[in-house]
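Read-outs: derived from the displayed coordinates by stated rules, not from any lab. Keep in mind the model is a prediction, meaning the values are calculated, not measured. We place every Cβ from the backbone using ideal geometry, glycine too, and count neighbours over all the protein chains shown.
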Amino acid sequence: MTDRDADKRLAAATAVDEVCDNMLVGLGTGSTAAHAIAALAARKLRIDAVATSEASAALATSLGIRVRDFATVSRVDLAIDGADAIDARLRAVKGAGGAMLREKVVAASAGRMIVIADGSKRVARLGGAPLPVEILPFAAAFATSRLAQLFVRCVERQDYRTDNGNIVIDGHGWDDAAPHALADALMAIPGVVGHGLFLSEIDAAYIADDGIVTRLERGRNPR
Ligand code: 5RP
């Protein structure tokens, strides 16, 4: 039987080989990113990091990685993060862990952005994955009513706040034929502050399936 956690650990350990001394590294969020943080700490490199969540910052710090405040950083060398679904064009859905807004900011600042995942995350189409949308609590009812026009079903995460103090609606059933149009439509709703569609940020992916790692590079993979 496939050991998904072993595959996550393997993808993470392989990707972390890209990190060198003196890099500023963006640390993702989630179980696969946690494996990457542990693998990075084990390498004992001279690096600094920024984190995409309080949880990842705490883990990295506890393992001896120096974590800087991203508010003082405009560019990181390399970002490493997980994903909930990723296709052959390196477009992804992220945010099951609720960190998609900070993850996107760090990814956008990165010279190179790598996704790490087990094979269950590789999909032919992104639309099967719920799409997390982060919303200012003040705009909850208004934004949710607008989201209802874009998704078959909207489910608010109960008793949940992001690290930014916002709520998350998971949008189920969406049209993945024109994801850029959906991304634009989401960001055009006042009160929506972010979403989990990553359409252009990802440069490469390390995906482990039953102990075998495949590396995908943007622009070099069969569609
Ligand atoms: C958090 C994320 C995670 O990277 C994504 O949910 C994958 O998580 P995991 O590695 O635990 O499967 O986007 O916001």
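Assorted remarks:
- A dipole drawn for the chain from +1 and -1 charges on Cβ atoms has a positive end, and of ALA140, SER62, GLY111 the residue lying farthest that way is GLY111.
- Computed from point charges on the beta carbon alone (+1 for Lys and Arg, -1 for Asp and Glu), the dipole magnitude for the stretch 60-177 about its Cα centre is near 280 Debye.
- Helices in the chain, meaning DSSP H runs of at least 4 residues, each add -39500 (n - 2.57). Divided by all residues, the mean residue ellipticity at 222 nm is -8500 deg cm²/dmol.
- Against the rule of thumb 2.2 N^0.38 Å, how large the Cα Rg of the stretch 126-196 comes out: 1.00
- Under the criterion of Cα pairs below 8 Å and six or more residues apart, the relative contact order for the chain equals 24 percent.
- Between ALA185 and ASP21, the FRET efficiency from the beta-carbon distance, with R0 = 41 Å, is close to 0.40.
- Stretching the chain fully between ASP5 and TYR160 yields a gain of 53.3 nm (0.36 nm per residue, less the alpha carbon separation).
- Sites ALA148 and ALA71, calculated FRET efficiency, Cβ-Cβ separation with R0 30 Å, nearest 0.05: 0.30
- Stokes-Einstein D for the chain, Kirkwood Rh over Cα pairs, 4 °C, 1.567 mPa s (µm²/s): 74
- Charged side chains reduced to their Cβ positions (Lys and Arg at +1, Asp and Glu at -1) give the chain a dipole of some 280 debye around its Cα centre.
- Under the convention that each Lys and Arg Cβ holds +1 and each Asp and Glu Cβ holds -1, the size of the dipole of the stretch 126-196 around its Cα centre is about 140 debye.
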